[in-house]
């Protein structure tokens, strides 16, 4: 099933590496004018080498006002993927105000900020559009040392549903995906250690962790017109972990 986005403008946050990078590259290859946002210039530089016509923008999404300045220069946007995220695994009694604020500012607050701006532009253009928010299985099931991260992703799923409810009348579709462990470079380094990954893997009925394409393809589908009747969906990409 070929999906094309010719004539569309797409914005992907957290696009410097991992899932976000592959989503940005896929949108670019599918014909979209793509804006890739990351807080790390070096990863954007390497992305630009791979995709010379991609717009690569360095920004700190935890800063509300500066983020608005950056995003306003890109509008209007047709397709938005809120992928930027951060985590500091800590047991419940170790959680600090600093780590709480850091996680919530990126994982939830920045999504609200950017989505408001993009959606308002969609309404003004009367063009409709699609938004996909990238959550996590940690927002659907309890995972040790992920209290704040899990809370941020659970809130993201619920915020997505309210966005779908309120923005549907403007033909703006809003969905979320909640991946299991994804074998990015960082994911491989951490989770392929049998002592760490074994217990998690044993809870996945399909018996494997996700590859990058396992997440990229569903995201592209949700952004496309082939998913024209899907909004408010919370899609686990977890090999059955949440069952």
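The values are calculated or read from the model by the stated rules, or taken from the named source; none is laboratory data. Just so we're clear, the structure is a prediction, and the values are computed from it rather than from any experiment. So basically every Cβ, Gly included, is an ideal-geometry build from the backbone, and we count neighbours across all protein chains shown.
Among the residues of the stretch 10-47, those identified as farther than 22 Å from residue 85 by Cα and surrounded by fewer than 22 Cβ atoms within 10 Å (Cβ to Cβ) are 29, 30, 31, 33. Residue 96 meets the conditions (1) closer than 28 Å to residue 154 by Cβ; (2) surrounded by 13 or more Cβ atoms within 10 Å (Cβ to Cβ); (3) in contact with a strand residue (DSSP E or B) (Cβ under 9 Å, 6 or more places away or on another chain) in every case but one. The failed one is (2). Quick check on my filter: what residues within the stretch 186-231 are over 21 Å from residue 3 (Cα atoms) and either in contact with a strand residue (DSSP E or B) (Cβ under 8 Å, 6 or more places away or on another chain) or in a loop (DSSP other than H, G, I, E, B) (or both)? Hits for the stretch 186-231 are 192, 193, 202, 203, 204, 205, 206, 207, 208, 209, 210. Per the conditions (1) closer than 23 Å to residue 95 by Cβ; (2) touching a residue at least 40 places away in the same chain (Cβ under 8 Å); (3) touching a strand residue (DSSP E or B) at 6+ places or on another chain (Cβ under 9 Å), the sole criterion not satisfied by residue 176 is (1).
The residues of the stretch 5-35 that are under 22 Å from residue 119 (Cα atoms) and part of a helix (DSSP H, G or I), listed by number, are 20, 23, 24, 27, 28.
On the basis of being under 23 Å from residue 90 (Cβ atoms), in a strand (DSSP E or B) and either within 15 Å of the chain's Cα centre (by Cα) or without any contact (Cβ under 8 Å) to a residue 24 or more places away in the chain (or both), does residue 152 make the cut? When the stated conditions are applied, residue 152 does not pass them. What are the residues in the stretch 132-155 that are buried (at least 23 other Cβ atoms within 10 Å of the Cβ) and out of contact with any helix residue (DSSP H, G or I) (no Cβ under 6 Å at 6 or more places or on another chain), if any? Those that are buried (at least 23 other Cβ atoms within 10 Å of the Cβ) and out of contact with any helix residue (DSSP H, G or I) (no Cβ under 6 Å at 6 or more places or on another chain): 134, 137. Looking only at residues of the stretch 51-88 that are part of a helix (DSSP H, G or I) and free of Cβ contacts under 8 Å to residues at least 24 places away in the same chain, we find that the one that is surrounded by the fewest Cβ atoms within 10 Å (Cβ to Cβ) is 65. Counting the residues of the stretch 133-148 that are assigned to a strand (DSSP E or B) and over 22 Å from residue 214 (Cα atoms) gives 1.
Just one of the listed residues (157, 148) is at pLDDT 95 or above and out of contact with any strand residue (DSSP E or B) (no Cβ under 6 Å at 6 or more places or on another chain), namely 148. For residue 19, the criteria (1) more than 17 Å from the chain's Cα centre (by Cα); (2) at pLDDT 95 or above; (3) closer than 18 Å to residue 184 by Cα hold in every case but one, which is (1). What are the residues in the stretch 160-183 that are assigned to a helix (DSSP H, G or I) and buried (at least 19 other Cβ atoms within 10 Å of the Cβ), if any? Within the stretch 160-183, 160, 163, 164, 167 meet the criteria.
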